[in-house]
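Here's the structure, in structure tokens; my notes come after.
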Amino acid sequence: MRLLFLGDVVGRSGRNAVIAELPRLRQRWQLDFVVVNGENAAGGFGITEAILEELLDAGADVVTLGNHAFDQKETLVFIERQPRLLRPINFPHGTPGRGSGLFKARNGAEVLVINAMGRVFMTELDCPFRAIDAETMACRLKHGADAIFIDFHAEATSEKQALGHFLDGRVSAVVGTHTHSPTADERVLAGGTAYMSDVGMCGDYNSVLGMEADEPVNRFLTKIPRGRFEPAMGPATISGIAIDIDDRSGLATACASVRLGGALSRAEPALWGT
Ligand SMILES: [Fe+2]
Ligand SMILES: [Fe+2]
């Protein structure tokens with residue numbers, strides 16, 4: 001099966017690019033399953049229900065979140081009626097919404113998707129390793145699920161790499177989000193798990209993490225807020241990872257990073273041609 005994951009959609013520029021391109025990509029690459037991280041989709045901060053529905057209509061099967069999950073207060077309410085929206089699984093007990101779900105792909109496969117957040121240089125949450133371990137033990141590859149996809153929203157590369165090795169051979173893919181900058185280490189690990197430390201963002205890379213540079217520069221220089229962080233509005237690069245998953249084993253056979261349009265544009269992923 002062919003799975004596409006897109007990193008943090010930032011503001012209107014990232015949103016417009018994903019909404020415009022995803023239907024075409026689903027067609028051209030014959031995608032079976034699409035996951036999009038939407039934690040910065042609403043002006044850089046969280047997601048609204050209207051934006052969630054635009055992403056789902058464009059072809060996302062599941063939308064994941066991260067530390068910005070509840071920046072829009074309405075999310076606390078609508079997440080309960082939107083089973084395709086996941087927030088990190090290791091948030092405190094009682095947090096609205098859910099951190100994992102089993103979803104049917106276009107090819108009929110049942111895909112377990114888990115969203116989790118790291119703890120290094122981030123808020124103290126429950127242990128993501130143990131939370132994911134419990135979930136994957138309860139719904140094991142080829143027993144409960146045909147494929148298992150993990151969006152690990154974390155700052156530290158060490159924590160991401162450690163999670164990749166911890167789950168290698170037990171899940172189809174462990175990919176990182178949150179830093180908004182793509183790494184060059186995508187590969188299939190020895191046990192058959194596709195891995196990439198960070199897939200980057202869907203947004204304008206002529207910016208600081210998708211935001212207009214003026215205010216971030218000012219804050220580093222003076223430590224005094226002068227204005228708000230505003231999403232950069234130049235052309236977005238759609239960043240993510242394309243993964244081929246073996247239908248029999250549920251493990252990855254190949255993966256390639258995706259960067260389409262905007263400042264980081266590259267050729268299309270080799271594994272699916274053009
Ligand atoms: Fe983000
Ligand atoms: Fe984040």
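The values are calculated or read from the model by the stated rules, or taken from the named source; none is laboratory data. Just so you know, these numbers come straight off a predicted model, no measurement behind them. Reconstructed Cβ throughout: ideal geometry from the backbone, glycine too, with neighbour counts over all protein chains shown. Heads up: the accessible areas ignore ligands, DNA and RNA and are worked out on the full protein's heavy atoms, side chains in. Shrake-Rupley method; radii C 1.70, N 1.55, O 1.52, S 1.80 Å.
Search the stretch 157-173 for residues being hydrophobic (A, V, I, L, M, F, W, C) and over 19 Å from MET122 (Cα atoms), and hand back the single one that is nearest to ligand 1 (Cβ to nearest atom).
Narrowing the stretch 157-173 to residues hydrophobic (A, V, I, L, M, F, W, C): 162-163, 166-167, 171, 173.
Imposing the further condition that a residue be over 19 Å from MET122 (Cα atoms) reduces the set to 166-167, 171, 173.
Working: PHE166: 23, LEU167: 22, VAL171: 22, ALA173: 19 Å.
Applying the filter and picking the extreme gives ALA173.
For the stretch 21-47, give me each residue that is away from ligand 2 (no atom under 14 Å from the Cβ) and either over 18 Å from ILE241 (Cα atoms) or not aliphatic (A, V, I, L, M) (or both).
The answer is GLU21, PRO23, ARG24, ARG26, GLN27, ARG28, TRP29, GLN30, ASP32, PHE33, GLY43.
Would you mention how many residues in the stretch 214-228 are among the acidic types (Asp, Glu) and either modelled with pLDDT under 95 or open to solvent by 100 Å² or more (accessible area, probe 1.4 Å) (or both)?
At the first step, the residues of the stretch 214-228 found to be among the acidic types (Asp, Glu) are 214-215.
Remaining after also requiring either modelled with pLDDT under 95 or open to solvent by 100 Å² or more (accessible area, probe 1.4 Å) (or both): 214.
Total meeting the criteria: 1.
Can you find even one residue in the stretch 87-98 that is of a type in the set (D, E, K, R), within 16 Å of ligand 2 (Cβ to nearest atom) and modelled with pLDDT under 95? Please lay out each step first, then the result.
Residues of the stretch 87-98 of a type in the set (D, E, K, R): 87, 98.
Next, from what is left, pick out any that are within 16 Å of ligand 2 (Cβ to nearest atom): 87.
Retained after the next criterion (residues that are modelled with pLDDT under 95): none.
No - not one qualifying residue is present in the stretch 87-98.
Does GLY240 qualify as being farther than 18 Å from ALA267 by Cα, outside any loop (DSSP other than H, G, I, E, B) and either in contact with a Lys or Arg (Cβ under 9 Å, 6 or more places away or on another chain) or of a type in the set (Val, Ile, Thr) (or both)?
For GLY240, the condition - farther than 18 Å from ALA267 by Cα, outside any loop (DSSP other than H, G, I, E, B) and either in contact with a Lys or Arg (Cβ under 9 Å, 6 or more places away or on another chain) or of a type in the set (Val, Ile, Thr) (or both) - is not met.
Filter the stretch 141-156 down to the residues that are in contact with a Lys or Arg (Cβ under 7 Å, 6 or more places away or on another chain) and free of Cβ contacts under 8 Å to residues at least 40 places away in the same chain, then identify the one that is nearest to ligand 1 (Cβ to nearest atom).
So the residue we want is ALA154.
Across the stretch 259-274, what is the total count of residues that are closer than 16 Å to VAL188 by Cβ and open to solvent by less than 30 Å² (accessible area, probe 1.4 Å)? Let's see the steps before the verdict.
From the stretch 259-274, those closer than 16 Å to VAL188 by Cβ are 269-272; that's our starting set.
Imposing the further condition that a residue be open to solvent by less than 30 Å² (accessible area, probe 1.4 Å) reduces the set to 269, 272.
Residues flagged as closer than 16 Å to VAL188 by Cβ and open to solvent by less than 30 Å² (accessible area, probe 1.4 Å) within the stretch 259-274 amount to 2.
Looking at VAL175, is it free of Cβ contacts under 8 Å to residues at least 12 places away in the same chain and either open to solvent by 30 Å² or more (accessible area, probe 1.4 Å) or on the phi < 0 side of the Ramachandran plot (or both)?
Working: free of Cβ contacts under 8 Å to residues at least 12 places away in the same chain: no; either open to solvent by 30 Å² or more (accessible area, probe 1.4 Å) or on the phi < 0 side of the Ramachandran plot (or both): yes.
It is false that VAL175 is free of Cβ contacts under 8 Å to residues at least 12 places away in the same chain and either open to solvent by 30 Å² or more (accessible area, probe 1.4 Å) or on the phi < 0 side of the Ramachandran plot (or both).
Across the stretch 1-14, which residue is farthest from the chain's Cα centre (by Cα) among those that are more than 16 Å from ligand 2 (Cβ to nearest atom) and crowded, with 24+ Cβ neighbours inside 10 Å?
My answer is LEU3.
Could you please let me know if GLY191 is in a loop (DSSP other than H, G, I, E, B) and either crowded, with 24+ Cβ neighbours inside 10 Å or more than 15 Å from ligand 2 (Cβ to nearest atom) (or both)?
Spelling it out, GLY191 is indeed in a loop (DSSP other than H, G, I, E, B) and either crowded, with 24+ Cβ neighbours inside 10 Å or more than 15 Å from ligand 2 (Cβ to nearest atom) (or both).
Any idea which residue in the stretch 126-156 is surrounded by the most Cβ atoms within 10 Å (Cβ to Cβ), counting only those that are under 21 Å from ALA242 (Cβ atoms) and within 16 Å of ligand 2 (Cβ to nearest atom)?
ASP151
Looking at the stretch 61-78, I want the residues that are farther than 17 Å from SER100 by Cβ and open to solvent by less than 60 Å² (accessible area, probe 1.4 Å) and have a partner that is more than 10 Å from ligand 1 (Cβ to nearest atom) and assigned to a helix (DSSP H, G or I) with Cβ atoms under 7 Å, at least 6 apart or on another chain. Which pairs are those?
PHE70/LEU76; PHE78/GLU49
Can you give me the number of residues within the stretch 194-211 that are more than 16 Å from ligand 1 (Cβ to nearest atom) and open to solvent by 20 Å² or more (accessible area, probe 1.4 Å)?
1
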